[in-house]
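What follows is calculated from the coordinates using simple rules that are stated; it is not laboratory data. Quick caveat, the model's predicted, so the values are computed rather than measured. With ideal geometry, Cβ positions are generated from the backbone for all residues, glycine too; neighbour counts draw on all protein chains shown.
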Amino acid sequence: MHPPDKDSDLYEIYLLEMATTSQQSNRDQISSVNPIQALPDQSAWGPLDALPGNPMMWVLIISELMVFGLLLAGYCVKFIGDPELFLNSQAQLSRLIGGLNTLVLITSGLFAALANEASKASKTSLTRGFLAITAAFGLLFLALKFSEYSDKAALGISIETNSFYTLFYLMTGFHAAHVVFGLLILGLVSRFNSRENTQTACAFWHMVDLIWLILYPVLYLVR
C-alpha cells in the first residue's frame, strides 16, 4: 500500500492505522510463545527432586542399598548350599546383643526424626541437641558391635572361620562403616546447620537403620 502524501489529510489516518497494525502483530507474536516451553527445565534430578535433602545423597543411598542387596543375595545362595553350617554358626551369635543393637538404632532413628521436625520449625539449638543424641546412640551401637567382635575373637572365630562368618563380618562390618560415616555427617550438619543439611543427614541415618532392621533377623533370627 502506497502511503498518501504528507500534506494530505489522510496521512495522519494512515499513520494511526500503521501503529495499530504493528501493535496487534506484536501481541500475536507474544501470545504464540508457550510460557512453559520458554522456561528452562528446573527438574535436573527428576523424581529425586521431590525427596527431602540433597539429591546426591539419594543417589548414594540407592547405590548402597543395591550393594547390601547383593550381599544378602549372596548370603541366601550360600545358606541354601550348606544350611547346616549356617544354622550351627548362627547359633553361636548372641541374639541379646543383636537385639540391643536393634533397639539402640531404632531409638537413634527416633531422635533423628525429632531433629528433622525441629529443623522444620527453625529451632536450631533443639535440632543440634537431637542430632547429638542420635550420634550418642550411634556410638553405643558401635561399642556393642565391637564387644561382639571381641567375644568372637576370644573364641577364635574370625572372618576366615567359614563362609557364614565371612558373610557375617562383611555385612555387619560394612554396615558399621556406614554408621561411622553417618556419625561424621551428623557432626558436620550440627556444625553447619540448615534445613536441607538436616534432611540430608537424617535420610542417610534412616538408611543405616533400615539396613540393620534387615540384617538383624536374617543373621540372628531366621532359621
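Residue by residue, here is whether (1) more than 24 Å from Leu103 (Cα to Cα); (2) of a type in the set (A, V, I, L, M, F, W, C); (3) over 22 Å from the mean Cα position of the chain (by Cα) holds:
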| site | (1), (2), (3) |
| --- | --- |
| Leu142 | no, yes, no |
| Ala154 | yes, yes, yes |
| His175 | no, no, no |
| Phe181 | no, yes, no |
For residues in segment 176-195 being of a type in the set (S, T, N, Q) and not in a helix (DSSP H, G or I), which is surrounded by the most Cβ atoms within 10 Å (Cβ to Cβ)? Asn193
Assigned to a helix (DSSP H, G or I), more than 22 Å from Cys202 (Cβ to Cβ) and in contact with a Phe, Trp or Tyr (Cβ under 6 Å, 6 or more places away or on another chain): is that true of Phe168 in this structure? no
Being out of contact with any Pro (no Cβ under 7 Å at 6 or more places or on another chain), among the β-branched types (Val, Ile, Thr) and more than 30 Å from Ser119 (Cα to Cα): is that true of Ile185 here? no
Cβ-Cβ distance below 9 Å, separation of 6 or more or different chains: which pairs start in segment 76-97 with a residue that is within 18 Å of Pro217 (Cβ to Cβ) and touching a residue at least 12 places away in the same chain (Cβ under 8 Å) and end on one that is of a type in the set (Gly, Ala, Ser) and assigned to a helix (DSSP H, G or I)? Lys78/Ser163; Phe86/Ser163; Ser89/Ser163; Ile97/Ser147
